[in-house]
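Let me begin by presenting the structure, written as structure tokens, before commenting on it.
The values are calculated or read from the model by the stated rules, or taken from the named source; none is laboratory data. Keep in mind that this is a model prediction, so the values were computed, not measured. Every residue, glycine among them, receives a Cβ derived from its backbone with ideal geometry; neighbour counts consider all protein chains shown. For accessibility, only protein heavy atoms count, side chains too; no ligands or nucleic acids. Shrake-Rupley method; radii C 1.70, N 1.55, O 1.52, S 1.80 Å.
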Amino acid sequence: MEKIKAIGFKKHLMTAISFFLPIVVASGFLLAVGNMMDGQTIEQFAEGFTFADTMTTMGGYGLGLLPMIVSCAISYSIADKPGIAPGLIIGMVASGIGAGFLGGLVGGYLSGLVVMGLTLAIKVPKWMEGLMPTLVIPFLSSLVAGLTMYYVIGTPINWATSLLTNYLRDLDTSSLFIYGAIIGVLSSIDYGGAINKVVFAFVFALFSEGIYEPLTVLILASMVTPFGLTLAFFLGRLVKKNIFNRQEIETLKTAFPMGICQITEGCFPIVLNDLVRNVIATGIGGAVGGGFSMLWGADSRIPASGMFAVATMTRPWAFMGALLLGSSATALTILLLKKPVDPDAEIIVVEKEEEEVSWEDLTIS
């Protein structure tokens, strides 16, 4: 039981995200390119198809695999190799009953926990130990978890998913801005860390149901910090207030290009020098940008890739406008909060000199 108690649920969710994110991005780009070329899903291979049809079809296949991928990844993270088979099967069950990404998420934890429980509970003779990871555990865990998904948790998951998606589709304009602001703040204030990943799992569940706006907010919020800090540098030059030292200015030269690709981590050297003020500025920028992005209906058809996702949106102007407003809010806030510094000042790190070792102090008793 100690192994089950020691499970870190967030850790396994992070593993799942790292597994499926590259697949989602690749599939999303394939689907977006195919759609822009008026591609259709290939129903019968023998009937002929165009290049655009192949792109659309491959992208659709990849996105259709998501319940299986997330379920398998979580189950594998919890139970190692014995969790792969039940994870894949329960993910397919979740897809088959219409539980989608959320069903795959729950199914992955269910499969992994069932595998762990059976491994600890079942004791077999020594001659049968070799059959446990290849026959007994995969079969029994798939049976138990599959029946649980079909008869116990499948219907509530479907109901919850339907309730949430219908609720979000019916929001009025003021509520849209508030929800966008909340997602923007939560997605931005830990700079791609654990909070951002948890929010990603939530908004991706909506994304898989055809609600693209919340995940687009997360993309924008991840770009607000590098764009906002870069804009603050140029605005500071304009108003004769410099808030960055020489090392931070050099950091901006790499942080901004990384921000274009939705990589926030390039800003860490600047953020960690003045964490509180940067978090405040980032949160305000994320709220402003996220609110307007949600309000204006920016809708990325891929769940990542920063500016490269703009090509897949039906309202790219909404995303660009919201990103500009959010970045401006971050820039103005950090300019107001931080005190001016000398841009040519060197950061001097005082290192403690090593003490000389005297062999005369060495005694052998």
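In table form, for the structure just shown:
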{"read-out": "Enumerated helices (runs of 4 or more DSSP H) restricted to region 1-89, each holding at least 2 residues that are modelled with pLDDT under 90 and over 27 Å from Met116 (Cβ atoms)", "value": "9-36, 51-64"}
{"read-out": "Inter-residue pairs, beta-carbon under 9 Å, first at negative phi and small (Gly, Ala, Ser) and in region 164-187, second surrounded by fewer than 21 Cβ atoms within 10 Å (Cβ to Cβ) and modelled with pLDDT under 90, 6+ apart", "value": "Ser187/Ile195; Ser187/Asn196"}
{"read-out": "Filter result for the condition that a residue is crowded, with 21+ Cβ neighbours inside 10 Å, touching a helix residue (DSSP H, G or I) at 6+ places or on another chain (Cβ under 7 Å) and over 11 Å from Gly184 (Cα atoms), over Pro303, Pro316", "value": "Pro303"}
{"read-out": "Residues (of a type in the set (A, V, I, L, M, F, W, C), over 18 Å from Gly192 (Cα atoms) and part of a helix (DSSP H, G or I)) located in region 229-278", "value": "Leu231, Ala232, Phe233, Phe234, Leu235, Leu238, Val239, Ile249"}
{"read-out": "Top-ranked residue in region 60-92 [being over 15 Å from Leu21 (Cα atoms) and hydrophobic (A, V, I, L, M, F, W, C); ranked as least open to solvent (accessible area, probe 1.4 Å)]", "value": "Ile90"}
{"read-out": "Residue match in region 162-179 (condition: crowded, with 16+ Cβ neighbours inside 10 Å and within 13 Å of the chain's Cα centre (by Cα))", "value": "no"}
{"read-out": "Matching residues, region 151-204, being in a loop (DSSP other than H, G, I, E, B) and among the small types (Gly, Ala, Ser)", "value": "Gly192, Gly193"}
{"read-out": "Test: residue in region 35-47 that is among the small types (Gly, Ala, Ser) and farther than 26 Å from Ala201 by Cα", "value": "yes"}
{"read-out": "Any hit, region 120-140, residues being in a helix (DSSP H, G or I), in contact with a helix residue (DSSP H, G or I) (Cβ under 9 Å, 6 or more places away or on another chain), open to solvent by 50 Å² or more (accessible area, probe 1.4 Å) and closer than 26 Å to Phe204 by Cβ", "value": "no"}
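Conditions tested, residue by residue: (1) among the basic types (Lys, Arg); (2) in contact (Cβ under 8 Å) with a residue 12 or more places away in the chain.
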| residue | (1), (2) |
| --- | --- |
| Gly100 | no, yes |
| Val106 | no, yes |
| Leu110 | no, yes |
| Met116 | no, yes |
| Leu120 | no, yes |
| Lys123 | yes, no |
| Met128 | no, no |
| Leu135 | no, no |
